[in-house]
Amino acid sequence: MGLMERMFGLLFGNGSNVVKDTVEVFRENAEAGSARSHAVQMQAMKEYGQEFVVPRQGWFDQFMDGVNRLPRPALALGTLGLFVSAMVEPLWFAERMQGIALVPEPLWWLLGVIVSFYFGARHQVKAQQFQREIVGTMAHVPQVMQNVAALRKLRSDSVGAASTGKDVRLAAAALSPEANSALEEWRRAA
């Protein structure tokens, strides 16, 4: 036993693992690397979150927050307003469009760049959210198809909807005429 103990002691060390320590020279310890990566990510998230902790105290901050929320609704409502004005007051609308025709092309390019940058980031975020929702929806397709098939079997105009199946009592009840009190009364009156 002493020889084996000395051999394992030489190989694995006394109190430490020589093989593990040697391997870690050439390959990173996955557990330690994961812990370091987690620590870096948590620190980054903490610092990112600190950006939004700053309280908006002054009137200027509140005013700028309000101004930042204006462009999308203003563009949407302005466009709808143009459609309404074209129908209600065509001459007024035509005069305004003649004025827009005089805007130089470089100014249109500048407007396009500003609008693209303003709405581009939002569009990208919404497109990614939409793709995630599509993947989630597609996961439900088999269950939805089964539900639709079951519902279609319940339609009154589908073949075999009134079938009694193997239920003998139900088949007999379906074949025997029911008493119709209104019909009986009519027969007695006639």
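The values are calculated or read from the model by the stated rules, or taken from the named source; none is laboratory data. This structure is a prediction, so every number in the text was calculated from the model and none was measured. Here Cβ is always computed from backbone atoms with ideal geometry, including for glycine, and neighbour counts include all displayed protein chains.
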All positions within segment 104-127 that are of a type in the set (Val, Ile, Thr) and farther than 18 Å from residue 75 by Cα: 125
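Residue-wise test of (1) surrounded by 10 or more Cβ atoms within 10 Å (Cβ to Cβ); (2) of a type in the set (Phe, Trp, Tyr); (3) modelled with pLDDT of 90 or more.
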position: 50; (1), (2), (3): no, no, no
position: 54; (1), (2), (3): no, no, no
position: 60; (1), (2), (3): no, yes, no
position: 63; (1), (2), (3): yes, yes, no
position: 67; (1), (2), (3): no, no, no
position: 72; (1), (2), (3): yes, no, no
position: 81; (1), (2), (3): yes, no, yes
position: 85; (1), (2), (3): yes, no, yes
position: 90; (1), (2), (3): yes, no, no
Of all residues making up segment 153-169, the number that are modelled with pLDDT under 80 and either surrounded by fewer than 10 Cβ atoms within 10 Å (Cβ to Cβ) or not hydroxyl-bearing (Ser, Thr, Tyr) (or both): 10
Subset tally (residues that are surrounded by fewer than 10 Cβ atoms within 10 Å (Cβ to Cβ) and part of a helix (DSSP H, G or I)) for segment 172-182: 3
Residue selected from segment 92-126 under the condition of a type in the set (S, T, N, Q) and surrounded by 10 or more Cβ atoms within 10 Å (Cβ to Cβ), by the criterion nearest to the chain's Cα centre (by Cα): 124
